[in-house]
Amino acid sequence: MMVTKIARRKMQNHLFTGLMVYPYSVDRHCDMIISGTFIWFPLNLAQDIAHDHDIESEDWHIAIEALCEVLPSLEPVIVYFPDSSQWLSRAVPKSNRGEFIQKVDKMFDQLTGPVVMICGQNMPAAVSKDKDKEPPTLMFQNLTRLSSLPSSLKRWLKVQNDSRPSDISKIFTNSFIVPLPEEGEQLRVFNNQIEEDRKIIISRHNLVELHKVLEENELSCVELMHVKSDGVVLTKQKAAKVIGWARSHYLSSTVLPSIEGDRLTIPRESLDLAIERLKEQVTKSKNLSQNLKNLAKDEYERNFISSVVPPDEIGVKFDDIGALEDVKRTLDELVALPMRRPELFSHGNLLRPCKGVLLFGPPGTGKTLLAKALATEAGANFISITGSTLTSKWFGDAEKLTKALFSFASRLAPVIIFVDEVDSLLGARGGALEHEATRKMRNEFMAAWDGLRSKENQRILILGATNRPFDLDDAVIRRLPRRIYVGLPDAENRKKILKILLAKENLESDFKFDELANATEGYSGSDLKNLCIASAYRPVQELLEEEKKGRVSSNSTHLRPLVLDDFIQAKAKVSPSVSHNATSMNELRKWNEQYGEDGSRTKSPFGFGN
């Protein structure tokens, strides 16, 4: 009993601070001013109190009881419960709802004086094409107190049937139908209010997402509530992008950044600028999407719209790729430079830009990542296709899709068409199991590819990637004059990759990158990433073990720094995915010797003459 009294007292105190109380309310529908007090009862009021350990399972019952005790001091008063379906479902479990309804009904019956309880209820079934359906309603308690309502409102008032399925109707026994405005000034005002509500909801959502990202990165913003985030809906990824831009802007524009405690404090102005930058990016993306729809001439070309990625949305640069410096330099000269400076390659025939590049090597060495970074560096649109992109169950559609790909790309130039696992799409022809439709599609692809060469001003590149170049058709190899081997990184390159992967991680102060790089012989870039992920779990596992033993609080999120031993132990779980002496590796090295960019070609010379 003592706990209940304390809870009620706390609830009463909270009511005066948590409820939205207005001195009067204007009803525009009937042009009537109701004098007195209007109270908006928020749905989360009792939930906020429930975090107090003195409150037990009857927090909603106590909230209603406390409300009934304070109402006499506010008379005349109108109390509004926003949404009955949410209110009742949050108030009490369905199994105990009948008892709860009886208690609340009894408390409401004991109220005297000018007190009116109103409960709103949204009715999704009303939003239908059937105009005979009932629109959303307001439910009233103590209907007899509304006898003075004008006849224009009484025609919408009716006694609630006992057969109504809603539990809340047992408390609010009378319903008042509120129809949506159909035309004129009322409709304009209603639409404006809906638009304002939409902006408020989006703004609150955006602030929550920004706050989450700030907390995750141990940052703060004193004026976060005043940040102007209207006009854009922030996802977690977009919020992280905004915070990153804001932090970079602030650190680059100030000499002495503000730090409170251990947290960098980002000013509101930097966040506003970052959000404006995001808005411009979103607008540009929408415009591009619309432009792509206009560029596509038929249904076949429209199939590739979703595969187009603008260069500023790829999010990968050469600097984000550890190692492979020679490969990046070669790609920059062959592809990025001609696309950035086409005027330098407009003279004569020998400087015509390359139209085909093949990246080959063992799995996990960064071929796909290089392709994305190349598109960013070249400022070119990026279209990624696979074998399934150009196949169809309808006979003849594969050739039409292939033609559409190149015609669409010609209007989208500069563009890089990236063919991942190119051997599956353009493998050797003439096999016994080759389907006629597949052969026709390959023939059409290579015919359209050759068509590019007759248009010197078109900046289109076919970039293929594979770990089985020896399965490619000979005609495809001819059309890929530059064939670059992307092999496993050596110790120095592994060190560069590890530094990029661990740049944002909490490491011990004297972390030995050289020792870790030497210990990971045979690991590809993908293997190194998997190794780092497995290592990062070790501090988490240790913290959970400490929690089980009761040595640390279960709410603790402080993790120790990563040490070299974490990676050494993780090596037992994450091993190299490719063996140096594997058959596939030997075949790759042999193919590189014969056809690759830096092969000696001494074993199998080819070309004109002997």
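The values are calculated or read from the model by the stated rules, or taken from the named source; none is laboratory data. Keep in mind that this is a model prediction, so the values were computed, not measured. All Cβ positions, even for glycine, are placed from backbone atoms using ideal geometry, and neighbour counts span all protein chains on display.
Here are the numbers:
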read-out	value
Within the stretch 462-490, considering residues that are over 36 Å from the mean Cα position of the chain (by Cα) and of a type outside the set (D, E, K, R), the one farthest from Val316 (Cα to Cα)	Ala475
Where Asp510 falls short, out of the listed (1) without any contact (Cβ under 8 Å) to a residue 40 or more places away in the chain; (2) among the acidic types (Asp, Glu); (3) under 28 Å from Asn381 (Cα atoms)	(3)
Checking Gly550 against (1) of a type in the set (Gly, Ala, Ser); (2) on the phi > 0 side of the Ramachandran plot; (3) modelled with pLDDT of 90 or more, the condition it does not meet	(3)
Looking only at the stretch 468-524, and only at residues there that are outside any loop (DSSP other than H, G, I, E, B) and of a type in the set (Lys, Arg), the one that is nearest to Thr583 (Cα to Cα)	Arg483
Sole exception among (1) surrounded by 11 or more Cβ atoms within 10 Å (Cβ to Cβ); (2) on the phi < 0 side of the Ramachandran plot; (3) of a type outside the set (Lys, Arg) for Asn192, by number	(1)
Those helices (runs of 4 or more DSSP H) lying entirely in the stretch 213-330 with at least 3 residues at pLDDT below 90 and among the polar types (S, T, N, Q)	236-253, 268-295
Conditions (1) in a helix (DSSP H, G or I); (2) of a type in the set (Val, Ile, Thr); (3) surrounded by 13 or more Cβ atoms within 10 Å (Cβ to Cβ): number failed by Val208	(3)
So Leu472, is it crowded, with 18+ Cβ neighbours inside 10 Å and at pLDDT below 90	yes
Test result for Glu301, of a type in the set (Asp, Glu) and over 28 Å from Lys400 (Cα atoms)	no
Odd one out for Leu334, checked against (1) assigned to a helix (DSSP H, G or I); (2) surrounded by fewer than 17 Cβ atoms within 10 Å (Cβ to Cβ)	(2)
Whichever residue in the stretch 274-317 is of a type in the set (A, V, I, L, M, F, W, C) and without any contact (Cβ under 8 Å) to a residue 60 or more places away in the chain and, among such residues, is farthest from Ser252 (Cα to Cα)	Ile305
Criterion: of a type in the set (A, V, I, L, M) and not assigned by TED's automatic domain parsing to the domain that holds Phe418 - qualifying residue of Ile314, Ile305, Ile321, Ile266	Ile266
Residue tally, condition surrounded by 11 or more Cβ atoms within 10 Å (Cβ to Cβ), modelled with pLDDT of 65 or more and either under 42 Å from the mean Cα position of the chain (by Cα) or not basic (Lys, Arg) (or both), over the stretch 154-187	16
